Amino acid sequence: MGSKYVSNSVIKRLPRYYRFLGYLKDAGMVRISSRELADRMGLSASQIRQDLNNFGGFGQQGYGYNIESLYKEIGKILGVDSGFKTILIGAGNLGHTIALQIDYQKRGFDLIGIFDKKESLSGQMINGMPIRSSRDIEDFCKDNGVKVAILCVPYEAAEELVPTLVSSGVIGFWNFSHYNIKEEYPQVAVENVHLNDSLMTLCYQVLHDTNL
């Protein structure tokens, strides 16, 4: 399975499966058919079967899927127990919210440091963690084996920081800036989050969706 190519569209659906199965598990359901799961998620049953077949056979014909078992298997595939050492850069409104609202340990990450270039913020606490000076990022990454960085900074700041982060061992970025990391560093993993793009997509849907 390690060498098999899996499309990005399939990978992006895995967290949705994990989330929906978690809801069903917490509701006390034991099993579910691909058809029922598809109806709940707005997908087709064949799509779900094709997606899951990328990682092996999980269902039984005539029985469907054991919800708890499938939930655990998808969690393993996603790596929710990986505990990748992670830092967040940019302790402004966005960074502050993301530091507080995300349960990183249940998503495969261990947030161990928060940084900002504003010296006036140094020492202030966010969720029991002190804000550190951006000048200390390189040493902190090397000393602590940091693998992932969350960028809640403007384009220019990201452009300046990424070379240092990559040379310090960071191999993954949750990128809220508009800087195209992959263009210069194709070897690292990047998940771009463009909130403005998402909002404009919603605007288009409201404007053009005839079913509304």
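Bear in mind that the values in this text are calculations on the coordinates, not laboratory data. Since this is a predicted model, take the numbers as computed values, not measurements. Note that each Cβ is placed from the backbone with ideal geometry, even for glycine, and that neighbours are counted across all protein chains shown.
Each residue of the range 172-180 is assigned a 3J(HN,Hα), and the resulting list reads x, 9, 9, 10, 9, 7, 9, 6, 7 Hz, derived from the Karplus form 6.51 cos²θ - 1.76 cosθ + 1.60 (θ = phi - 60°), x at Gly and Pro. Please state the relative contact order of the chain as a whole percent: Cα pairs under 8 Å, 6+ residues apart? After rounding, I find 13 percent. Once you sort the root eigenvalues of the Cα gyration tensor of the range 84-197 as a ≥ b ≥ c, which label holds: rounded (a/c under 1.5), prolate (a/b larger than b/c) or oblate (the other case)? It is rounded, given that a/c, with a ≥ b ≥ c, falls under 1.5. The Stokes-Einstein estimate for the range 8-76, based on a Kirkwood radius over Cα pairs and taken at 20 °C with 1.002 mPa s viscosity, is a diffusion coefficient of 181 µm²/s. Here the Karplus relation 6.51 cos²θ - 1.76 cosθ + 1.60, evaluated at θ = phi - 60°, turns the backbone of the range 39-56 into coupling constants of 4, 5, 9, x, 10, 9, 4, 5, 4, 4, 4, 5, 4, 6, 5, 5, 10, x Hz, with x for every Gly and Pro. Shown is the FRET efficiency for Thr201 and Lys12, computed with R0 = 25 Å from the Cβ-Cβ distance and rounded to the nearest 0.05: 0.95. Calculated mean residue ellipticity at 222 nm for the chain: -13500 deg cm²/dmol, from DSSP H runs with n ≥ 4 weighted as -39500 (n - 2.57), summed, divided by the residue count and rounded to 500.
Find the Cα radius of gyration of the chain, compare it with 2.2 N^0.38 Å by division, and give the number to two decimals.
Working: Rg = 20.0 Å, N = 212, 2.2 N^0.38 = 16.8 Å.
Relative to the 2.2 N^0.38 Å estimate, the chain comes out at 1.19.
Mean-square fluctuations from a GNM of the chain, with a 10 angstrom spring cutoff on Cα atoms, peak among Tyr104, Tyr63, Tyr71 at Tyr63. Pairs spanning more than 24 Å between alpha-carbon atoms, out of Lys25/Lys106; Lys12/Lys142; Lys12/Lys72; Lys72/Lys106; Lys12/Lys117; Lys106/Lys182: Lys12/Lys142; Lys12/Lys117; Lys106/Lys182.
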